[in-house]
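Working notes, beginning with the structure itself.
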Amino acid sequence: MEETNYIQLLERFLKGEASEAEEAILFSWFGTEVAKEEIYASYDEKLNHITNRLPEDIQQKIYWRIEEEANLKLVAGKKHFFLQGISRYVAVACVCVFLGIALAFWGSRYFLSTDFVVSAGEGMKSTVELPDGTIVWLNSGSRLQYSNAYNLWNRTVILEGEGYFEVKPNQRKKFIVQANGVEVKALGTKFNVKAYSEEGKITTTLLEGKVSVKNDKQEQLLTSDQQLEFNCCSGLFSEVKSCDASRYMLWKNNELYFNCESLDEIGKTLERLYSVDVVFMSESAKKYTFCGAISNTNLINVLECISLTAPVTYNMKNNVLYFSDSDKEK
């Protein structure tokens, strides 16, 4: 039988990559004397190497914190804290203290200050694979932001616009999408979040798995083929409703789907997709609704489909799209 490398297993556990079976093996090993010896031997050299790479002021702060938390006194003239005469149990505890504090000081000063931003301009779409293997599709006029500490301590992203997420499973680190005061939390799942600020609502549609959607006052759970809207003005959630979730993801395949949406709402979508300004020549024209999917997203084709099902006419001039009530033109 192949011998288990417990130190590698420990590092996989600290990264959140160990399976339940590997965790069980690791936890049973922790209580042995051999474990204390191996941890001490492995991390003594590594910690000295890390220490020498840290700035002097960071090193000093770490030593002060270790002295405070472990209740030990540093030996004068020593640049590392593995002291002569202390027990191996205390040494192993110091290893854990050092690792945590070093990451805190080093990370907060040199690592956590940088954010990555992925965006899709009007009429464009973008795809990005995050460091944990999660894949995100961004619709036109959307923006995704995440820290370069993503997947170290958490998996949090900030969304403006619309995104479709295929989340890599990780039981310890929940995947979180923050969008205008709403938080969508998942483990491993596929879902869509539509959060354009001009629409005044945030719509979460779940294709597979489970997610929770919450703000500072409420929380709702969604299962497959369910949808939830949050009204940004009232601060209230709608009732959870059943739907064919796959239709709401058609946009990533260059298809449009409208679920009995008003022409006023559709106009906002057309502005983002085709970089046009939409003007309604009458208030009544805004209220007509359109239901269905359009496979070809050429603007003229979309307009023809709309005009065939709703009593409106359209006219394009200088990149401005005018909708009129055809009944009133007769």
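Annotations
- Region 183-302 holds strands (runs of 3 or more DSSP E) entirely within its bounds, and those carrying 2 or more residues that are in contact with a helix residue (DSSP H, G or I) (Cβ under 8 Å, 6 or more places away or on another chain) and more than 24 Å from Ile135 (Cα to Cα) map to 256-262, 277-280, 289-294.
- Where Thr203 falls short, out of the listed (1) more than 19 Å from Thr127 (Cβ to Cβ); (2) β-branched (Val, Ile, Thr); (3) surrounded by 22 or more Cβ atoms within 10 Å (Cβ to Cβ): (3)
- Against the test of being at pLDDT 90 or above and more than 22 Å from Ser197 (Cα to Cα), the options Thr134, Thr127, Thr114 yield a single qualifying residue, Thr134.
- Condition broken by Cys260, with the remaining ones in (1) surrounded by 16 or more Cβ atoms within 10 Å (Cβ to Cβ); (2) of a type in the set (A, V, I, L, M, F, W, C); (3) within 35 Å of the chain's Cα centre (by Cα) satisfied: (1)
- Exactly one residue out of Ala245, Ala293 is modelled with pLDDT under 90 and not β-branched (Val, Ile, Thr): that is Ala293.
- For Phe230, the criteria (1) without any contact (Cβ under 8 Å) to a residue 40 or more places away in the chain; (2) under 20 Å from Tyr164 (Cα atoms); (3) in the same structural domain as Thr204 (by the TED database); (4) aromatic (Phe, Trp, Tyr) hold in every case but one, which is (1).
- Which numbered condition Glu122 misses (of (1) touching a Leu at 6+ places or on another chain (Cβ under 6 Å); (2) surrounded by fewer than 16 Cβ atoms within 10 Å (Cβ to Cβ)): (1)
- Test: Gln171 is assigned to a loop (DSSP other than H, G, I, E, B) and surrounded by fewer than 20 Cβ atoms within 10 Å (Cβ to Cβ): yes
- Residue check, Gly133 surrounded by 19 or more Cβ atoms within 10 Å (Cβ to Cβ), in contact (Cβ under 8 Å) with a residue 12 or more places away in the chain, more than 21 Å from Asn215 (Cβ to Cβ) and touching a Lys or Arg at 6+ places or on another chain (Cβ under 6 Å): no
- Qualifying residue in region 310-326 (condition: small (Gly, Ala, Ser), surrounded by fewer than 15 Cβ atoms within 10 Å (Cβ to Cβ) and either in the same structural domain as Trp137 (by the TED database) or over 26 Å from the mean Cα position of the chain (by Cα) (or both)): no
- Evaluated against (1) without any contact (Cβ under 8 Å) to a residue 60 or more places away in the chain; (2) in contact with a Phe, Trp or Tyr (Cβ under 9 Å, 6 or more places away or on another chain); (3) surrounded by fewer than 18 Cβ atoms within 10 Å (Cβ to Cβ), Arg143 falls short on exactly one condition, (2).
- Members of region 244-257 found to be buried (at least 16 other Cβ atoms within 10 Å of the Cβ) and farther than 14 Å from Tyr164 by Cβ, listed by number: Leu256
The values are calculated or read from the model by the stated rules, or taken from the named source; none is laboratory data. In this text the structure is predicted, and so the values were computed from the model without any measurement. Heads up, the Cβs are rebuilt from the backbone with ideal geometry, glycines too, and the neighbour counts pull from every protein chain shown.
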